[in-house]
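Each remark here refers to the structure printed beneath this line.
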Amino acid sequence: MKVFISGNIAPVGLKELEANNILVTQWKENRQISPEELIEACQGQDALISVGPNKINAGFLKACNHLKVIALHSVGYDNVDIAAAKALNIPIGNTPGVLSAATADTAFLLMLAVSRKAFYTHKKIIKGEWKNYEPSPELGIEVNGKTLGIFGLGKIGLEMARKCIGAYNMSVIYHNRSHNEEAEQVIGARYVSFEELLAQSDVLSIHTALTPETKDKFTLGVFKQMKPNSIFINTARGGIHNEKDLIKALKEKIIWGAGLDVTNPEPMDKNNPLLAMENVAVLPHIGSATEETRAAMAQIIVKNIVAGLKEEKLPFEVK
Ligand code: DGY
């Protein structure tokens, strides 16, 4: 059996594919494979491991309807046309659970980096602008005892909430389509309306999937309903906030700061005004990028591929 991998996965995944007698062809160039190249590369393959934001849309699926399984190197599946895959009987696997802690770490890191203007002040050292000790240069704000608002409280949001409670005794409020009973019972998270979430959060962290309902959800009108000293964190998908509106909200001090691991588009242009702002921290979509998590993701991917090739139910299938 043969699998095409459109990028890098952790070595343990490659070893396990080999142990299962699965022949690997891998995209080795230092750029994202194009849609045409992906279709071409999948000819003669039995399965695909999709690494990065490849569009697994109806066109791709039709051209590659011979694939027995597609395993995503992500928990997010916003770039897959699930209905089209179902219609063609191609199971789609993802990697839920194993990346929750690492992704929540990234949100927590951004929250602190923004609150203490860490990226901005670090850049000042590099630019030779650290001249003398000043007692009140660019002052940060503290998050201790403040309110954490979570938009989309699932596994990753729960991990973020736990960290914020443990480290800073923050109160947790959230807004979801439906109540998260576990979070309410285990950490005392309080369900609020979207409007209350905006009005009450000191830190508002996004942990929802990108869907037609959440696309462009955070516009200027929404930022205007947030507290002027609030911090907006997005480690989910860049398409959930409107970037121009976010820039305006920060410039006009409608909100205090923002931390982003996801942007729109990705990669972010190096001249993007967000990168020069004091109260902003941006990372290049490294949410789950730790050795431990990437190894765990690769192992799940292999399980999905092996099951799919045997025409068995995938252990982690997107429904
Ligand atoms: C995920 O797992 O969805 C990450 O954001 C990588 O895309």
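Readers should treat all values here as calculations from the given coordinates under stated rules, not as data from a laboratory. Just so it is clear, the model here is predicted, and its values are computed rather than measured. Here the Cβ is made from the backbone with ideal geometry for all residues, glycine too, and neighbour counts use every protein chain on show.
At 0.36 nm per residue, and after removing the present C-alpha to C-alpha distance, how many nm does the segment from residue 65 to residue 311 gain when stretched out fully?
Working it through step by step, the gained length comes to 87.1 nm.
Evaluate the charge dipole of the chain about its Cα centre and quote only its size in Debye, nearest 20, assuming +1 on the Cβ of each Lys and Arg and -1 on the Cβ of each Asp and Glu.
Numbers: 35 positive and 35 negative charges, 65 e Å.
Roughly 320 debye for the chain.
Projecting the Cα atoms of 88, 57, 115 onto the charge dipole of the chain (Cβ charges, centred on the Cα centre) puts 115 farthest toward the positive pole. Percent of Cα-Cα pairs more than 17 Å apart in region 177-236, please. Counting every Cα pair in region 177-236, those more than 17 Å apart make up 46 percent.
Where does the charge balance sit around residue 285 when Lys and Arg score +1, Asp and Glu -1, over other residues with C-beta under 9 Å from its C-beta?
Spelling it out: positives minus negatives among the neighbours equals -2.
All C-alpha pair distances within region 100-282, sorted into 5 Å bins from zero, spread as 1, 8, 18, 22, 21, 15, 8, 4, 2, 1, 0 percent across the bins.
Which links in 131/253; 163/224; 227/251 stretch past 25 Å when you go from one Cα to the other? Kindly include the intermediate steps, with their values, before the conclusion.
Details: 131/253 28 Å; 163/224 27 Å; 227/251 15 Å.
Long pairs (Cα-Cα over 25 Å): 131/253; 163/224.
For GluC sites (Glu not before Pro), the sites in region 27-117 that DSSP calls loop and that have at most 14 other Cβ atoms within 10 Å are 29.
Residues with beta-carbon under 11 Å from that of residue 254, excluding residue 254: net charge, scoring Lys, Arg +1 and Asp, Glu -1?
Value of the local net charge: +3.
Of the trypsin sites (Lys or Arg not before Pro) found in region 79-188, those in coil by DSSP whose Cβ has at most 15 other Cβ atoms within 10 Å are 127, 131, 177.
Entry for the chain at q = 0.07 Å⁻¹: log10 I(q)/I(0) = -0.31, Debye formula applied to identical alpha-carbon scatterers, no solvent contribution.
Of the GluC sites (Glu not before Pro) found in region 181-282, those in coil by DSSP whose Cβ has at most 10 other Cβ atoms within 10 Å are 213.
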